[in-house]
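> This is the structure I want to talk about, given as structure tokens.
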Amino acid sequence: MPEGDTIAYAAQRMRPVLEGRVPDEIRTPHPRHALDRWPERLGGRAITEITTHGKHLFLHFEGELALHSHLRMTGAWGVYPPGRRPRRSMRRAWLVLRTGSTDVVQFDGPLLELLTESRARLDRRLAELGPDVLADEFDYARFLTRLRADDPTRGIGDALLDQRNLAGIGNLWKSESCFDAAVDPWRRTGEVSDEEARAIVDAARPLMRRSAQTGDQTSDRRVFRRHGEPCPRCGTTIRARGQGDDNRTTFWCPGCQH
Ligand SMILES: [Zn+2]
């Protein structure tokens, strides 16, 4: 599942191709968007800016229009200069933006929609998002307010995945940052101090900001998918178990995370 750093990395690769440019071609090959007339509605307009918030990505066009995308489990953005071809069939692409000879493509979804900028500002789903874990200046006060308003019996590992508390973090960096901060992801949120909650965010941010620059999500892993192996800190066997309503697998060391 793409986390915020994957989306930020995609945005970083898209910017030099699209920002400040009018796409030479806009296509929506997948039948899903056949009736949306985006080539007509967006044709001739420059892309002014590409922004992200958590796992959401926005392509802002001249004339107060924005394409809003969320990939959830299945989607992907790709940038394909000449000679590089996508692994997925182009017929299944939801959106193709061509500038020069480079294609920027979104495959699958679940969400790709055209909004006016005013509609995007009023959108409830977006207004409910917590502070972006990748932001240059992280809003700790807002994060703690949201976290304290959540169910205090909920495990902290589960609460961290709720995008209303913290936007952009997913299963991988949740496991790694709880490990870094030595906090047991199963502990009730109400029993996690503000300092510990901050320490988790402080662990997640440099890992995710680095990966957003490099696209490398593997070198910093110490517990994720390492269940059965010895903990690099204390040697106890790392464990894995599904957590929360969505049963997302949490990886943790029962020896040194309390
Ligand atoms: Zn350990």
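The values are calculated or read from the model by the stated rules, or taken from the named source; none is laboratory data. The structure presented is a predicted model; accordingly, all values stated were derived computationally and were not measured. Here Cβ is always computed from backbone atoms with ideal geometry, including for glycine, and neighbour counts include all displayed protein chains.
> So which residues in segment 239-258 are small (Gly, Ala, Ser), away from the ligand (no atom under 12 Å from the Cβ) and either over 22 Å from ARG187 (Cβ atoms) or modelled with pLDDT of 95 or more (or both), if there are any at all? Spell out the reasoning first.
Within segment 239-258, the first condition is being small (Gly, Ala, Ser), and the residues that meet it are 240, 242, 244, 255.
Cutting the leftovers down to away from the ligand (no atom under 12 Å from the Cβ) gives us 240, 242, 244.
Matches in segment 239-258: ALA240, GLY242.
> So if I check each of ARG98, ARG41, which one is loosely packed, with under 15 Cβ neighbours inside 10 Å, basic (Lys, Arg) and at pLDDT 95 or above?
Working: ARG98 fails: loosely packed, with under 15 Cβ neighbours inside 10 Å.
Exactly one residue qualifies, and that residue is ARG41.
> Restricting the first residue to segment 221-236 and requiring it to be of a type in the set (Gly, Ala, Ser) and at pLDDT below 95, which pairs with a second residue that is in a loop (DSSP other than H, G, I, E, B) and more than 9 Å from the ligand (Cβ to nearest atom) meet a Cβ separation below 9 Å and a spacing of at least six or different chains?
none
> Among the residues of segment 199-238, what is the count of those that are within 16 Å of the ligand (Cβ to nearest atom), over 22 Å from ASP162 (Cα atoms) and either part of a strand (DSSP E or B) or charged (D, E, K, R) (or both)?
6
> Limited to segment 31-67, what total is found for residues that are assigned to a loop (DSSP other than H, G, I, E, B) and free of Cβ contacts under 8 Å to residues at least 60 places away in the same chain?
Within segment 31-67, the first condition is being assigned to a loop (DSSP other than H, G, I, E, B), and the residues that meet it are 34-37, 43-46, 54-55, 62-64.
This time we only want the ones that are free of Cβ contacts under 8 Å to residues at least 60 places away in the same chain, so: 34-35, 37, 43-46, 62-64.
Residues that pass the stated criteria total 10.
> Looking at (1) closer than 30 Å to ALA204 by Cβ; (2) in contact with a strand residue (DSSP E or B) (Cβ under 7 Å, 6 or more places away or on another chain), which is the one condition that is false for THR28?
(1)
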